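Each remark here refers to the structure printed beneath this line.
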Amino acid sequence: MTPSLETRELTVRFGGHVAVDSVSCAFRPGTLTAIVGPNGAGKTTYFNLISGQLKATAGRVLVGGDDVSALPAPERTKRGLGRAFQLTNLFPNLSVLENVRLAVQARRGMGLNLWSIWSDHHALVAEAEAILDRIALGARRDAPASSLPHGDQRKLEVGILLALEPSVFLFDEPTAGMSVDEVPVILDLVRDIKRDPTKTILLVEHKMDVVRELSDRIIVLHNGRLAADGAPAEVIASPVVQQAYLGMSSDEEEEVAS
C-alpha cells in the first residue's frame, strides 16, 4: 500500500544548526503516530516541513506517493494535508460559523469569498452547522472567534480541519493550554477521526497518558534525528528513550510502564 504521507531524508538547517536531520518515515491510512521527544527535538519543525510552512534544505515530502516538496502550504492542503497548530490559526474577527463555513467553501473549490450571499449557500451553512454541533460549539455559532476562550478556539480549529476533509491530520499539541475539563472534547474528536480507516493522524503530544492511549506507533525525535520508531509499548518501555528523550524520572518510568 502506498503511504499516505512519507518523508525521505528530510532535513533543514538554520545556519550551522541542523533542526531536522535526514528523517525518513512513512505513514499509512488508519494509523495514529505520536511524535515525542524533549523540547527542541525538532517535532514542530518536522511538521512545518511536512505542511510547507518551512522549505527543506534537503529531502522530500510525498503525499499519496506524489512529491509535494516544491509546493507551498496551500497547495499541500489541497493535496490532503491538514494542520492544527500549537497556537490557534483562525479568522479572529469572523464568527465561529463563518470560520467553518469558509473552510467548507474552500474545500469545494469556491474560494474564500467573504461576501457570498448566505441564501445561496444553504448547503454550506448546513454542513458548517453540523460540524459545529460535532465539536460542541453550536451554541456559539454567531460569536466572533476572538471572543472564545482558548479551549473553544482549539475546538474551532479542529472543526476547520474537519471541514477541509484532509486525508492526513497533523495535530501539534492539540490540548496545549487547555483546562482539564476541556481536554476530553479534543481527545474525543481525535478518537472519532481515528475510527476512519482512510485517515492518517500524526500527533505531537507531551502528555504520555494521551500518547499511550491513542497511538498505534511512536516515533522519537532527538536533536532533529529519528531516535526510535516502533510500537507504543516497545518505545515507551525503553529506559534509554524514557531517560534521554522523554526526560522522565525513575518514578515516572515505572508509572508509564505499568
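For region 136-194, what are the residues that are among the hydroxyl-bearing types (Ser, Thr, Tyr), within 16 Å of the chain's Cα centre (by Cα) and closer than 23 Å to VAL125 by Cα?
SER167
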Quiz item: If GLY37 passes every condition in (1) open to solvent by 10 Å² or more (accessible area, probe 1.4 Å); (2) touching a Phe, Trp or Tyr at 6+ places or on another chain (Cβ under 7 Å) but one, which one does it miss?
Solution: (1)
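How many of the residues in region 91-124 are at pLDDT 60 or above and surrounded by fewer than 19 Cβ atoms within 10 Å (Cβ to Cβ)?
From region 91-124, those at pLDDT 60 or above are 91-110, 121-124; that's our starting set.
Of the ones still in play, those that are also surrounded by fewer than 19 Cβ atoms within 10 Å (Cβ to Cβ) are 91-95, 106-110, 121-123.
So the answer is 13.
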Self-check item: strands (runs of 3 or more DSSP E) wholly inside region 1-67 that include at least 1 residues being free of Cβ contacts under 8 Å to residues at least 12 places away in the same chain
Solution: 5-14, 17-27
Practice problem: Please go through region 27-67 and pick out each residue that is over 16 Å from the mean Cα position of the chain (by Cα), modelled with pLDDT of 95 or more and either closer than 23 Å to ARG212 by Cα or among the acidic types (Asp, Glu) (or both). | Solution: ASP66, ASP67
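Filter region 3-20 down to the residues that are surrounded by fewer than 20 Cβ atoms within 10 Å (Cβ to Cβ) and touching a strand residue (DSSP E or B) at 6+ places or on another chain (Cβ under 9 Å) and list them by number.
Listed by number, the residues that qualify are PRO3, ARG8, GLU9, THR11, ARG13, VAL18.
The values are calculated or read from the model by the stated rules, or taken from the named source; none is laboratory data. It should be emphasised that the depicted structure is a prediction, and the values quoted were computed from it without experimental measurement. Using ideal geometry, Cβ is built from the backbone for each residue, glycine included, and neighbour counts are taken over all protein chains shown. Just so you know, the surface numbers come from the protein's heavy atoms only, side chains and all, with ligands and any DNA or RNA stripped out. Shrake-Rupley method; radii C 1.70, N 1.55, O 1.52, S 1.80 Å.
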